[in-house]
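**Q** Please find one structure pasted underneath; my questions will follow.
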Amino acid sequence: MNTDGAPRLGWWQQTWRLAAAAVLSVPIWLYIGVLLHNQGAGPDPWFRIGDPLVALACLIVLLWRRRFPLAVAMTVTIASTASALATGAALLALGSISTRRRPVEIGAVVLAYVTATQFVGGFYPVQNPPGTFWFQLALPALTAGIAVAVGMAIGARRVEVRSLRDRAESAEREQAARAAQARVLERNRIAREMHDVLAHRISLVAMQAGVLDHRGDLRAEENRLLVRGIAEGSHQALEELRDVLGVLRADPGHPEPPQPSLDRIPDLVADARTSGLDVTLTTTVTGTPTDVVGRTCYRVVQEGLTNAAKHAPGARVHIAVEGGAGDGLGVSVRNSPATGRPAQRPPASGFGLLGLTERVDLAGGTLHHCPTPDNGYVLTVRLPWPAPTHERRT
């Protein structure tokens, strides 16, 4: 297996590396051949046959240098003792193992390489000039140093590329996780908006339709009022649904239409009264809260009226809104026990109060809901409304 984590080489990349190692050794081999000729040595079978065969074997062994780096490097380095043409193969093995950047392995192979070069001349009857010992020692050490430097630079580059690739993959995973989370949040927002916009209106329409269906003693004028209420409620539900879909389909830079706030609560109560609910509203609010607080208060009242219409037909509903800047904003929706029972209860999602709790939490408020001792129900919310702060003059 590949022990250094380097990318696998293709056939062309492998071929040109081995060819470069072979070409690098040719001048050394020819130099020895010239020395043999000048010194009058006869044809040397080892120079012509044995040396090239050993070099070819070393090049073949180099094919496994990434699977067995230390073993291949030591084998090729020791074998280069018997072959001048294997010098390039030994340098390639040394550079390859240097990419791992392990000092002990590199030091062992460098020592073996420098030592092996001192014995190459033993296979040929070549007489070296006197005083060239240090040159014969320094040249292999220099070439080994160059091979080690190149190998370590390649290894450092591989580590950097691997680090960048890991960081890119990590960034892609994080981006995918953020996108998934954004999709979940967007689905929740769509569901919340659809519930807030349609549940109240459809509940009132269903209540009016139930009265119209089960009350046979209604006068013609009362029937017309109920039918008109159903038509207007359905039309308003379609308009509000169109507004929500318009917000969802709008361009990112397109401003959203204004959301209902505290000043729309009287209109909400008036629509509920028109639909047949017995609703009273008490408001003792001083000042204008922030958009988030006002919108949350509106949704609290809307959800309270929707639940009263669904679960407490004929009950009296009392809404109280009080507070001011610095004191917070309190909302209470209380209904008395139900005095009637619809023939068919409208379907309930079960997520109304859950979504409302999320809204209140996001606004920094608290929500409580529970039955009352007289079998009614009460929904109370407390929202923060900090006192205005004066900006410093500079």
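**Q** Residue by residue through the stretch 279-315, note down the ones that are outside any helix (DSSP H, G or I), in contact with a helix residue (DSSP H, G or I) (Cβ under 9 Å, 6 or more places away or on another chain) and over 26 Å from residue 364 (Cβ atoms).
**A** If the condition is that a residue be outside any helix (DSSP H, G or I), in contact with a helix residue (DSSP H, G or I) (Cβ under 9 Å, 6 or more places away or on another chain) and over 26 Å from residue 364 (Cβ atoms), then 279, 280, 313, 315 are the ones that fit.
**Q** Could you please tell me which pairs satisfy a Cβ distance under 6 Å, a separation of 6+ or placement on different chains, a first residue in the stretch 104-120 that is more than 13 Å from residue 152 (Cβ to Cβ), and a second residue that is outside any helix (DSSP H, G or I) and at pLDDT below 85?
**A** Once the first residue is more than 13 Å from residue 152 (Cβ to Cβ) and sits in the stretch 104-120, its partners that are outside any helix (DSSP H, G or I) and at pLDDT below 85 give 120/84.
**Q** Need the failing condition index for residue 84 against (1) assigned to a helix (DSSP H, G or I); (2) crowded, with 21+ Cβ neighbours inside 10 Å; (3) of a type in the set (A, V, I, L, M), just the number.
**A** Among (1) assigned to a helix (DSSP H, G or I); (2) crowded, with 21+ Cβ neighbours inside 10 Å; (3) of a type in the set (A, V, I, L, M), the lone unmet condition for residue 84 is (1).
**Q** Taking the stated definitions as given, is residue 76 buried (at least 20 other Cβ atoms within 10 Å of the Cβ), among the hydrophobic types (A, V, I, L, M, F, W, C) and part of a helix (DSSP H, G or I)?
**A** Numbers: buried (at least 20 other Cβ atoms within 10 Å of the Cβ): yes; among the hydrophobic types (A, V, I, L, M, F, W, C): yes; part of a helix (DSSP H, G or I): yes.
Yes: the conditions hold for residue 76.
**Q** Which one is nearest to residue 150 (Cα to Cα), of the residues in the stretch 87-114 that are of a type in the set (S, T, N, Q), out of contact with any Lys or Arg (no Cβ under 6 Å at 6 or more places or on another chain) and assigned to a helix (DSSP H, G or I)? Full working, then the answer.
**A** Taking the stretch 87-114 as the starting set, the residues that turn out to be of a type in the set (S, T, N, Q) are 87, 96, 98-99.
Within this subset, residues satisfying the condition of being out of contact with any Lys or Arg (no Cβ under 6 Å at 6 or more places or on another chain) are 87, 98-99.
Within this subset, residues satisfying the condition of being assigned to a helix (DSSP H, G or I) are 87, 98.
Working: 87: 16, 98: 8 Å.
Filtering the stretch 87-114 for residues that are of a type in the set (S, T, N, Q), out of contact with any Lys or Arg (no Cβ under 6 Å at 6 or more places or on another chain) and assigned to a helix (DSSP H, G or I), the one nearest to residue 150 (Cα to Cα) comes out as 98.
Quick grid of which residues meet (1) modelled with pLDDT of 90 or more; (2) of a type in the set (Val, Ile, Thr); (3) out of contact with any Lys or Arg (no Cβ under 6 Å at 6 or more places or on another chain):
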site: 283; (1), (2), (3): yes, yes, yes
site: 294; (1), (2), (3): no, no, yes
site: 297; (1), (2), (3): yes, no, yes
site: 301; (1), (2), (3): yes, yes, yes
site: 304; (1), (2), (3): no, no, yes
site: 307; (1), (2), (3): no, no, yes
site: 315; (1), (2), (3): no, no, yes
site: 332; (1), (2), (3): yes, no, yes
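**Q** Output the number of residues of the stretch 34-45 satisfying the condition of being closer than 23 Å to residue 89 by Cα and either modelled with pLDDT of 75 or more or assigned to a loop (DSSP other than H, G, I, E, B) (or both).
**A** 3
**Q** While we're here: Restricting the search to the stretch 334-345, which residues are at pLDDT 85 or above and open to solvent by 50 Å² or more (accessible area, probe 1.4 Å)? Break it down into steps so the answer makes sense when it comes.
**A** To start, the set of residues in the stretch 334-345 that are at pLDDT 85 or above comprises 334-337.
Passing the criteria: only 334.
The values are calculated or read from the model by the stated rules, or taken from the named source; none is laboratory data. All figures in this text were calculated on a predicted structure; none of them were measured in a lab. With ideal geometry, Cβ positions are generated from the backbone for all residues, glycine too; neighbour counts draw on all protein chains shown. For the accessible areas, the whole protein counts, side chains as well, though only heavy atoms, and no ligand, DNA or RNA atoms are used. Shrake-Rupley method; radii C 1.70, N 1.55, O 1.52, S 1.80 Å.
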